[in-house]
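Asker: Quick one: this structure, given as structure tokens, is what I'll be asking you about.
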Amino acid sequence: MLSQSYRSWFFDKVNFHLTSKGLKKTSQRTLIMNVILSRGGHLSAEDVFSELKSSKEAIGLATIYRTLKVLKESGVIEEHSFVEGKSIFELSF
């Protein structure tokens, strides 16, 4: 389980990045971030999509990919690409 200080760092860093890029903090982004924080890492966009499929808020795969890109740009997750063209994301520590 992640510490509260790490979770605070994660959200602060993302919020700063969103603000600096003129992007909004949306409920979809928050749901995606919570999945990543709860699972810890080694998730594909499809894994996040599957996890959120049962939520009341419909989130498309394109939104997940865009959010993962924003999270990567903000430095809170890292992307590992594989030969098959699949990418896996994990938390930055």
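The values are calculated or read from the model by the stated rules, or taken from the named source; none is laboratory data. As the structure is a prediction and not an experimental result, all values here were calculated from the model. Backbone-built Cβ (ideal geometry, glycine too); neighbour counts: all protein chains shown. Ligands, DNA and RNA are stripped out before the accessible areas are found, and what is left, the full protein with its side chains, is counted by its heavy atoms. Shrake-Rupley method; radii C 1.70, N 1.55, O 1.52, S 1.80 Å.
Asker: Would you mind working out the magnitude of the charge dipole of the chain relative to its Cα centre, with +1 at each Lys and Arg C-beta and -1 at each Asp and Glu C-beta, to the nearest 20 Debye? Working shown, then result.
Answerer: Details: 13 positive and 10 negative charges, 85 e Å.
About 400 debye.
Asker: Next up: Sum -39500 (n - 2.57) across every DSSP H segment of at least 4 residues in the chain, then divide by the residue count to get the 222 nm mean residue ellipticity, nearest 500.
Answerer: Working: 4 runs with 53 residues, N = 93.
Only helices count here, giving -18000 deg cm²/dmol.
Asker: What is the sum of charges around Ser44, taking Lys and Arg as +1, Asp and Glu as -1, for the other residues whose C-beta is under 12 Å from the C-beta of Ser44? Display every interim value, and only then the final one.
Answerer: Numbers: positive: Arg39, Lys86; negative: Glu46, Asp47, Glu51, Glu79, Glu84, Glu90.
Local charge sum for Ser44: -4.
Asker: Okay, next question. If I compute solvent accessible area with a 1.4 Å probe over the protein chains, what percent of it on the chain is carbon and sulfur?
Answerer: Here it works out to 54 percent.
Asker: Oh, and also: So for Asp47, Asp12, what's the accessible-area order with a 1.4 Å probe, most first? Numbers along the way, then the final one.
Answerer: Values: Asp47 55, Asp12 105 Å².
Largest accessible area first, the list is Asp12, Asp47.
Asker: Over the chain, with a Gaussian network built from C-alpha contacts below 10 Å, which listed residue (Phe11, Phe49, Phe82) shows the highest mean-square fluctuation?
Answerer: Phe82
Asker: Further, regarding this structure: Can you give the local net charge around Phe11? Use residues other than it whose beta-carbon is closer than 13 angstrom to its beta-carbon, Lys and Arg +1, Asp and Glu -1.
Answerer: Details: positive: Arg7, Lys13, Lys25, Arg29; negative: Asp12.
Within the 13 Å Cβ shell, the charges total +3.
Asker: Calculate, for Leu2 and Ala62, the FRET efficiency according to 1/(1 + (r/R0)^6) with r their C-beta to C-beta distance and R0 30 Å; round to the nearest 0.05. Before the final figure, lay out the partial values.
Answerer: Values: r = 27 Å, r/R0 = 0.91.
Calculated transfer efficiency: 0.65.
Asker: Between their Cα atoms, which of Lys24/Lys86; Lys21/Lys56; Lys24/Lys53 are more than 26 Å away from each other? Please report the intermediate quantities before stating the final value.
Answerer: Details: Lys24/Lys86 28 Å; Lys21/Lys56 28 Å; Lys24/Lys53 22 Å.
Among Lys24/Lys86; Lys21/Lys56; Lys24/Lys53, the Cα-Cα distance tops 26 Å for Lys24/Lys86; Lys21/Lys56.
Asker: Something else now. Considering the dipole of the chain built from charges on the beta carbon (Lys and Arg +1, Asp and Glu -1) around the Cα centre, which of Ile77, Ser50, His17 is farthest to its positive end?
Answerer: His17
Asker: To continue, here is another question. Roughly how many Å² is the accessible area per residue of the chain, as a whole number, for a 1.4 Å probe?
Answerer: Result: 62 Å² per residue.
Asker: A further question follows. If you average the C-alpha positions of segment 54-93 and of segment 1-26 separately, how far apart do those two centres end up, in angstrom?
Answerer: Centre-to-centre distance over Cα atoms comes out at 15 Å.
Asker: If you don't mind, there's one more thing I want to ask. Could you point to the label whose value was computed as Cα extents along the principal axes in Å for the structure here, given (1) 33, 29, 28; (2) 43, 27, 18; (3) 71, 19, 9?
Answerer: (1)
Asker: Lys and Arg at +1, Asp and Glu at -1: add these up for the other residues within a Cβ distance under 12 Å of Leu31 and post the number.
Answerer: Working: positive: Lys25, Arg29, Lys53, Lys56; negative: Glu51, Glu57.
In short, +2.
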